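Following: one structure in structure tokens, then a few remarks.
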Amino acid sequence: MTAAALPTARAAVDRGSGPRSQGPAWRRRVVVLTFLAPTIIGIGIFTLGPIVASILLAFFRWDIITDPEFVGLTNFVDVVADPTVRVSFINTLVFVVVAVTLQIAVSLALAVLISQRMPTWARTFFRSVFFFPLILSAASVSIIMRYLFNEEFGVVNWLLSLVGIGGVPWLTSPTASAVVIVLVYVWQQFGFTFLLFVGGLASIPTEVYEASSIDGATGWRQLRSITLPLLSPTMLVACVMAVISALQIFDQPYVLTRGGPGDATRTAVMVIYESAFRQLEFGRASAIGVVLMLLIMGVTALQFRLSRRFVFYQ
Amino acid sequence: MTTATVTPPAPTTRAAPPRRSSRAVPTPSTVARTAFLVVAAALTLGPVIWTVSTSLRSPAESFTLPPQLIPTDPDLTPYIQVFAQINMGLLTLNSALVTGFIAVGQMLTAALAGYAFARLEFRGRSLWFSLVLATMMVPVQVTIVPVFMIIRGMGLSDTLLALILPAIPTAFGTFLMRQYFLGLPVELGEAASIDGAGPWRTFASIYAPLALPGLAIIGILAFNFHWNEFFRPLILTISEQNFTLPLGLVSLQGNMGTGSISVVLAGVVLSMIPALVVFLFGQRPLREGLTAGVSK
């Protein structure tokens, strides 16, 4: 991979038209090589090579100890046939739909609200607060939330008890634990799409709003007819990035529930981890990884396709 | 350590926001909007404030309800006990080494490759560049099994290098630096080469210094990501002496979640401090980096 990765050296273009020749051709090759080598070799070994290896490994059964055995499509069939793997993919897809919808709704609402008239210090304050969870580790956040959502001594149930709601088994009931995963994930992630929307809103010219105000358009009408159409390119990017990130969810369910109760909060990446590093089924783990990669690419392509109908470019 | 610390004085330089209501007296809808923002801010800050104040309660008291938002009787024993229960010093050192080497390594390699893609001429340049870009889309979970094998083959299993080496080559950083170098005037380099400077000299004395703000973005993003990352350390390290902070804290909380709350939270608070420093002083580059390549 490494030697083949550098035929560019051959290329050292003889342009001769530059301000001054940069020395003989071989010297220019060496220069290009030294600039590129660390990145190209590194990406070759640690990203491109592993992608190819993953795809190949997906057709084998391998436990590291004995020799790999070619098993054809068995590992891929498992993704559909094995109940745990299947449920994990379904969980992941449901999670993506619910979490991304909530994340986009919350962050869009907050971005629109923060763009209203307010003192600069207030805007800076709110923006910093909404941004803050992004700098924390998902593991730490999950540690904190695990205490807050504890059934007996958690603050969430204590607050609910004040309004007369009895102890919710947040981390031990299948539905409630799925809800917790969504809430904890969105709590930490909404700041990212919020930033995108704030940037998108700032790029909408003020004159458009002024003109429509003169024509008598009020808040909701402006939101529907001006803000949302002009924000649609940002919306596409926000959705694409939020979906890609949500499809990879791992840290929160690993720390909060370990995938349980049962398989209720097991996700695709958790199954990759467990197949490879718990059950030593490296081929199956690779197959699940390949399916996840195809899913990410497919869903992204689908969003760009659908966007042609909804996105409005100025 | 509470609300005051999360309001950096960074002035907004964005264009004036659209004005919806230009009346001086707050209307009911303005009040409702502001209330919504305040509630959202409270929900965002609440868990953080609870974490800090609970970490200051005595370990025995930390389970008791109601929660305290401001500790009435601050107690530092959790901060002492966390050092006794896990090796916070070593965890912090490991995290700092891993994060530091990755950040510096990414800045160096991305500066070089970004410069080559922006300013050096060679055949297949755009082809190589799109190949690098294509790897940006592939999540780490897909490549982790072969990466684990390669690390094992290199004899680096269960070392900090296993975390550092694979994270240094950065497609995103290369992309960012290429854009950055493309934005710098080409005349500077031409002038330098007329004066007899070779490509290395032109890069090192003219362009690299001008690209420092771009490099800062890469460094801060790398710090934020790798200081907090959990998945790779979980797989690539085995013995506790090679754990990074998130891993150590999760194991302190324990499978059953029974670790003493205030002690675990003291560790969480300590692990947040470097991230908080970056937040206070590097929020702007961090924001720009996170949204880079998104807004055209």
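The values are calculated or read from the model by the stated rules, or taken from the named source; none is laboratory data. In this text the structure is predicted, and so the values were computed from the model without any measurement. Here Cβ is always computed from backbone atoms with ideal geometry, including for glycine, and neighbour counts include all displayed protein chains. Quick note on the areas: whole protein, heavy atoms, side chains included, nothing else; ligands and nucleic acids left out. Shrake-Rupley method; radii C 1.70, N 1.55, O 1.52, S 1.80 Å.
Take peptide B:42-54, look around each residue's Cβ out to 10 angstrom, count Cβ atoms belonging to other protein chains, and average those counts.
So the per-residue partner count for this stretch is 4.
What whole-number volume per residue, in cubic angstrom, does the convex hull of the C-alpha atoms of the protein assembly as shown give?
Output value, Cα hull per residue: 181 Å³.
For chain A, set up a GNM with springs between Cα atoms under 10 Å and report which of A:Leu159, A:Leu201, A:Leu102 has the largest fluctuation.
Result for chain A, Cα springs under 10 Å: A:Leu159 fluctuates most.
So, with +1 on the Cβ of K and R and -1 on the Cβ of D and E, and no other charges, what is the size of the charge dipole of the protein assembly as shown about its Cα centre, to the nearest 20 debye? Could the numbers behind the result be given before it?
Working: 37 positive and 26 negative charges, 403 e Å.
Roughly 1940 debye for the protein assembly as shown.
Can you find, among A:Ala138, A:Ile41, A:Ile64, the residue farthest towards the positive end of the dipole of chain A? Put +1 on the C-beta of Lys and Arg, -1 on that of Asp and Glu.
Farthest towards the positive pole: A:Ile41.
Compute the Rg/Rh shape ratio of chain B: radius of gyration over Kirkwood radius, all on alpha-carbon atoms.
Radius of gyration relative to Kirkwood radius: 1.05.
Of B:Leu161, A:Phe250, A:Ala111, which is farthest on the positive side of the dipole of the protein assembly as shown, counting Cα position, with +1 on Lys and Arg Cβ, -1 on Asp and Glu Cβ, and the Cα centre as origin?
A:Ala111
From the helices alone, meaning DSSP H stretches of at least four residues, give me the mean residue ellipticity at 222 nm for chain A, per-run term -39500 (n - 2.57), in deg cm²/dmol to the nearest 500.
-21500 deg cm²/dmol
Which residues of the range A:145-173 end up with at least 40 Å² less accessible area in the presence of all protein chains than when their chain stands alone, using a 1.4 Å probe?
A:Arg146, A:Tyr147, A:Leu148, A:Phe153, A:Val155, A:Trp158
Evaluate 2.2 N^0.38 Å with N set to the residue count of the range A:189-230, then give the Cα radius of gyration divided by it.
Output field value: 1.29.
So what are the radius of gyration and Dmax for the Cα set of the range A:47-196, in Å?
For the range A:47-196, the Cα-based Rg and Dmax read 21.5, 67 Å.
Which Cα, out of B:Pro28, B:Ala171, B:Ile144, lies furthest along the positive dipole direction of chain B (beta carbon charges, K/R +1, D/E -1)?
Farthest towards the positive end: B:Pro28.
For the protein assembly as shown, which whole percent of the accessible surface, found with a 1.4 angstrom probe, sits on carbon and sulfur atoms?
Values: 18110 of 27080 Å².
Roughly 67 percent of what the probe reaches on the protein assembly as shown is carbon or sulfur.
For Cα pairs less than 8 Å apart in space and 6+ apart in sequence, what is the mean separation divided by the residue count of chain A, i.e. the relative contact order in percent?
Here the relative contact order equals 25 percent.
Mean residue ellipticity at 222 nm from the helices of chain B, using -39,500 (n - 2.57) per DSSP H segment of n ≥ 4 over the full residue count, to the nearest 500 deg cm²/dmol?
One gets -20000 deg cm²/dmol as the mean residue ellipticity at 222 nm.
As an exercise, take the mean of 1/r over every pair of distinct alpha carbons in chain A, invert it, and state the Kirkwood radius in angstroms. Display every interim value, and only then the final one.
Working: mean 1/r = 0.0424 Å⁻¹.
The Cα-based Kirkwood calculation yields 23.6 Å.
If you take every residue apart from A:Arg258 with its C-beta less than 13 Å away from the C-beta of A:Arg258, what net charge results, scoring Lys and Arg +1 and Asp and Glu -1?
Result for the local shell: 0.
Can you tell me the mean projection area, over all orientations, of the convex hull of the range B:33-75's alpha carbons? Units nm², please. Provide the component values of the computation, followed by the final result.
On the way: hull surface 12.8 nm².
It is 3.2 nm².
Can you send over the solvent-accessible area of A:Ile65, 1.4 Å probe, protein chains only, in Å² to the nearest 10?
Rounded to the nearest 10, that gives 130 Å².
Roughly how many Å² is the accessible area per residue of the protein assembly as shown, as a whole number, for a 1.4 Å probe?
On the way: 27080 Å² over 610 residues.
Heavy-atom accessible area per residue stands at 44 Å².
In Å², nearest 100, what accessible area do chains A and B bury in total when the solvent probe is 1.4 Å?
Roughly 9700 Å² of accessible surface disappears when A and B pair.
Measuring from the lowest to the highest alpha carbon on each principal axis, how far does the range B:183-249 reach, largest first, in angstroms?
56, 19, 14
Give the Kirkwood hydrodynamic radius (Å, one decimal) of the range B:107-212, defined as one over the mean of 1/r across all pairs of different Cα atoms.
This gives a value of 15.6 Å.
Roughly how big is chain A's charge dipole about its Cα centre, with Cβ charges of +1 (Lys, Arg) and -1 (Asp, Glu), in debye to the nearest 20?
About 1180 debye.
Which residues of the range B:97-113 bury at least 20 Å² of accessible area once all protein chains are present, versus their chain alone (1.4 Å probe)?
Output list: B:Thr109, B:Leu112, B:Ala113.
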